[in-house]
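> Okay, here's the structure, questions in a sec.
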Amino acid sequence: MKKAVLGAAAVTTLLAALFAPEDEGSIVGPATATPRQVERVAPAPIAAAAAAQTNRALAIEPRRGLDDEEAANLFAKQSWQPETPKKIMLDQQVAQAALPVARVDANAPPPLPFQFLGRFVDEGKAAYFLQAGERNVVARPGDTLEERYRFDGMVQGSLQFTYLPLNLKQTLAVGDLN
């Protein structure tokens, strides 16, 4: 196949050479460049300022010598991030120390350990799927969960629980369930 293609290319080249026009005037010659006058326009002030700023940014600065401290630790941590000024860091630490400490009320129940996953209705009775840590729990009204919570049911878009050690009500907002 390659020999046939090469043979066809050779025959085509020979035919093109035989039937080429004899008159050199009918063939277009190579292009020649002609000089033309270009009007020089002064650069705009904005473009000149941008070019000057770029030149300053790309300027090569002389190498500075190492300080004694830098020479002592050649393998110090290197970073492209600018150093955070120590004053800003100290101000942040002072501001954090001045924040009031949240007091924990001894009579307040701990936050609910449950997350709402979904609801299932079977024969008119609703069951709610909750997640407590890594465990999934199915809760029906009246059930005791984790020995400290009683599930009271659904009221106005939120699940109601009673924290049994203190007998206090807690709610978990879940929105309107269809």
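The values are calculated or read from the model by the stated rules, or taken from the named source; none is laboratory data. Given the structure is predicted, the values throughout are model-derived calculations rather than measurements. When we count neighbours, we look across all protein chains shown, and the Cβ atoms used for this are built from the backbone with ideal geometry, even at glycine. Please note that ligands, DNA and RNA were not included when accessible areas were found on the heavy atoms of the full protein model with its side chains. Shrake-Rupley method; radii C 1.70, N 1.55, O 1.52, S 1.80 Å.
> Quick one: how many residues across segment 147-178 are open to solvent by 70 Å² or more (accessible area, probe 1.4 Å) and touching a strand residue (DSSP E or B) at 6+ places or on another chain (Cβ under 8 Å)?
5
> Give the residues of segment 127-146 that are part of a loop (DSSP other than H, G, I, E, B), loosely packed, with under 15 Cβ neighbours inside 10 Å and touching a residue at least 12 places away in the same chain (Cβ under 8 Å), sorted by residue number.
G133, R140, E146
> So, one more: Could you please find all residues in segment 118-175 being over 19 Å from A108 (Cα atoms) and β-branched (V, I, T)?
V121, V137, V138, T144, V155, V174
> Restricting to segment 116-126, what's the tally of residues that are aliphatic (A, V, I, L, M) and in contact (Cβ under 8 Å) with a residue 24 or more places away in the chain? Can you show your working first?
At the first step, the residues of segment 116-126 found to be aliphatic (A, V, I, L, M) are 117, 121, 126.
With the extra rule that they be in contact (Cβ under 8 Å) with a residue 24 or more places away in the chain, the set shrinks to 126.
Residues in segment 116-126 being aliphatic (A, V, I, L, M) and in contact (Cβ under 8 Å) with a residue 24 or more places away in the chain: 1 in total.
> Considering only segment 1-47, state which residues are open to solvent by less than 100 Å² (accessible area, probe 1.4 Å), modelled with pLDDT of 65 or more and assigned to a helix (DSSP H, G or I).
A4, V5, G7, A8, A9, A10, V11, T12, T13, L15, A16, A17
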